[in-house]
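What follows is a set of notes on a single structure, which appears directly below.
The values are calculated or read from the model by the stated rules, or taken from the named source; none is laboratory data. Note that the structure is predicted; figures quoted are calculated from it, not measured. All Cβ positions, glycine included, derive from the backbone under ideal geometry; neighbour counts span all protein chains shown.
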Amino acid sequence: MAAAAPDGKFEAAVLPHLDAAHNLARWLMRDSAAAEDVLQEAIVRALTYFPGFRGVNPRAWLLQIVRNTAYGILKPNRGPTLVPIAAEPEPGAIAEDELVSPEADPEMALICSRDRRRAYELIAALPLELREALVLRELEELPYKEIAEITHTPIGTVMSRLWRARRLLIDAAREQPA
Amino acid sequence: MTGEHCDKVLLVQAEFDGEIDAAQAAELAAHRAGCPVCRAAAAELAQTRELLRGADLYQPMPDAVRGTILSRIAATRPAPPARRRWFAGWRQGWIGFGLGAACAAGLAFLLLAPSQQPLVEELVASHIRALQPGHLEDVVSTDRHTVKPWFDGRLDFAPPVKDLAAAGFPLKGGRLDYVDGRPVAALVYQRDKHLIDLFVWPESSRLAGAPREATESGYNVVHWSADGMTLWAVSDLEAGQLADFARDWRQKP
C-alpha cells in the first residue's frame with residue numbers, strides 16, 4: 001500500500017480509529033449528544049498533542065485522549081466532589097447515577113431486539129470504571145496491556161475490574177432473566 | 001454469585017481472554033480439575049461473552065458525527081502549499097495552451113505532474129482502505145436519485161452523480177471520504193468484478209481540465225475537472241477501460 005501523504009500523518013493515524021473512539025465515548029457517556037461533544041473536544045486535543053506523539057499505537061493514544069476527555073466531563077472534580085442538586089448517589093457497587101434510563105435515550109427507541117436492549121441496559125448500568133474495562137475488552141476486543149495503557153491502570157486492576165464487571169452482568173442477568 | 005471464592009479466578013479469566021502462556025495454562029488445567037469454583041467461572045465467562053457479542057452492541061461513529069469531525073480536522077489544516085502552487089501553475093499553463101488542447105484532450109491523456117504524486121498516493125490508499133469489508137459504501141444504491149441526496153448535509157457541496165449503467169459502469173453507492181485535507185464524496189462504480197472509486201470535490205477554478213492519468217501500486221488513476229469540480233477515478237481496472245469510464249462520465253450530460 002502507498003504511504004500516507006506526508007501532510008496526512010494525523011489522518012492516517014486517527015481516521016482508522018474513529019469508530020473505536022465513538023464506541024468508547026458512547027459507552028462512557030451513555031448519551032449520543034454527550035459522546036459527540038467528547039469526540040469534538042478529543043479531536044481538538046489530539047490535533048494539539050499530535051506533534052508530540054511518538055508512540056507506536058495510535059489507537060491506544062487516541063482512546064486515551066477520548067477517555068480522559070470523557071472523564072473530564074463526567075468527573076470534573078475528583079476527590080471531594082460538589083454535591084449534585086439531584087439526590088446524591090448512595091455509596092455502593094452501582095451508584096444511583098450510574099443507572100441509565102433507557103427511555104431517555106432516543107437511540108434506544110430504535111433498538112427493537114429485546115436481547116440487545118437487555119444487554120445494553122446491563123452494561124449501561126455498570127459503574128464507569130467497570131463499564132470502560134468491559135467495553136474495551138468485549139466490544140473493542142483489546143488485550144489487557146492496551147486497556148491498561150488507555151485507562152492508566154495496572155494490568156492487575158484491569159483484570160479485577162473486568163472480573164467484577166462480568167460478575168455483575170451475570171448476577172444481573174440472573175435476577176432479570178430474558 | 002455463589003459466595004464461594006477462589007484466588008485463581010482471575011487466571012481463569014486471563015485464559016478465557018487469551019492472555020496466558022502454555023505453562024500457565026497447564027498449571028491452571030491441573031488446578032481446575034479439582035476446583036468447582038473455577039469450572040463454574042469458566043462457564044460464566046462464556047455466558048457473558050455470548051450475552052454481549054450476540055447483541056450487536058458496538059456503536060460505530062454515525063456519518064453525521066464523522067462529517068463534523070472530518071470538517072474540524074480539515075479546518076485546522078491549510079492545503080499543502082506545494083500542491084497549491086502546482087495547481088496554480090497548471091491553470092496558467094492551461095490558459096496558455098489555448099483551446100486547441102481541449103480538442104486534443106478527448107484523444108490524448110496527459111501524464112500527471114510528479115508534484116501530484118502525494119495526492120495520487122493518498123487517493124490510492126483511500127481506495128484500498130475502502131475495499132476492506134464494510135468500508136466501501138455508506139449508501140448502497142444503484143439509483144443516482146438515492147445516492148445524490150444522501151450527500152445533502154454531509155458535505156458543503158453537491159457532488160454530481162451520473163448513471164453510467166448503459167455504458168457498462170453501474171453505480172454501486174457512495175460514501176464520505178477524506179482526501180487532500182478535506183471531506184470529499186466518493187462514488188462507487190463497477191465494471192465486472194472491478195470497483196471504481198470516483199473522488200469528487202469542488203475546485204475553485206471553473207475551467208474544464210483535460211484528463212490526466214497515473215499509476216500507483218498497480219492501481220490506475222485518472223484525473224479531470226469539470227463544472228467547478230475536480231474528479232479522480234481510482235481502480236484496478238485496466239488503464240484503457242478506466243479511460244473509457246472517464247470519457248463516458250464526461251460525455252454524459
It is to be established whether one or more residues within the stretch A:141-148 are at the interface with another protein chain (Cβ under 8 Å from one of its Cβ atoms) and not in a helix (DSSP H, G or I).
yes
If you go through the stretch B:49-65 one residue at a time, do you hit one that is more than 12 Å from chain A (Cβ to nearest Cβ), outside any helix (DSSP H, G or I) and modelled with pLDDT of 85 or more?
no
Only one of (1) at pLDDT 85 or above; (2) in the same structural domain as B:W201 (by TED's automatic domain parsing); (3) aromatic (F, W, Y) fails for B:W90. Which number is that?
(1)
Can you report the number of residues in the stretch B:1-36 which are in a helix (DSSP H, G or I), of a type in the set (A, V, I, L, M, F, W, C) and within 12 Å of another protein chain (Cβ to nearest Cβ)?
6
Odd one out for B:D138 among (1) surrounded by 21 or more Cβ atoms within 10 Å (Cβ to Cβ); (2) within 23 Å of B:A74 (Cα to Cα):
(1)
Going by the conditions given, is B:L136 under 19 Å from the mean Cα position of the chain (by Cα), aliphatic (A, V, I, L, M) and modelled with pLDDT of 80 or more?
no
Could you grab me the full set of residues in the stretch A:153-168 that are under 17 Å from the mean Cα position of the chain (by Cα) and either basic (K, R) or over 18 Å from B:D7 (Cα atoms) (or both)?
A:T153, A:R161, A:R164, A:R166
If we scan the stretch B:22-30, do we find a residue that is closer than 17 Å to A:R167 by Cβ, touching a Leu at 6+ places or on another chain (Cβ under 7 Å) and crowded, with 16+ Cβ neighbours inside 10 Å?
no
When you scan the stretch B:161-174, do you find a residue that is on the phi > 0 side of the Ramachandran plot and either of a type outside the set (A, V, I, L, M, F, W, C) or not assigned by TED's automatic domain parsing to the domain that holds B:D244 (or both), even just one?
yes
Determine whether B:A166 is part of a loop (DSSP other than H, G, I, E, B) and surrounded by fewer than 18 Cβ atoms within 10 Å (Cβ to Cβ).
no
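Being within 7 Å of chain B (Cβ to nearest Cβ) and free of Cβ contacts under 8 Å to residues at least 40 places away in the same chain narrows it down to one of A:E175, A:E138, so name that one. Please lay out each step first, then the result.
Working: A:E175 fails: within 7 Å of chain B (Cβ to nearest Cβ).
Matching residue, one of A:E175, A:E138: A:E138.
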Is it true that some residue in the stretch A:151-160 is facing chain B (nearest Cβ under 10 Å), farther than 20 Å from B:V9 by Cα and in contact with a Phe, Trp or Tyr (Cβ under 6 Å, 6 or more places away or on another chain)?
no
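Restricting attention to the stretch B:116-161, and to residues there that are of a type in the set (V, I, T) and assigned to a loop (DSSP other than H, G, I, E, B), which single residue is farthest from the other protein chains (Cβ to nearest Cβ)?
Ranking the qualifying residues of the stretch B:116-161, first place goes to B:T142.
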Kindly list, by first and then second residue, each pair from a residue in the stretch B:5-24 that is under 15 Å from A:P143 (Cα atoms) to a residue that is of a type in the set (A, V, I, L, M, F, W, C) and part of a loop (DSSP other than H, G, I, E, B), limited to pairs with Cβ atoms under 8 Å and residues at least 6 apart or on different chains.
B:L11/B:I20; B:A14/B:I20
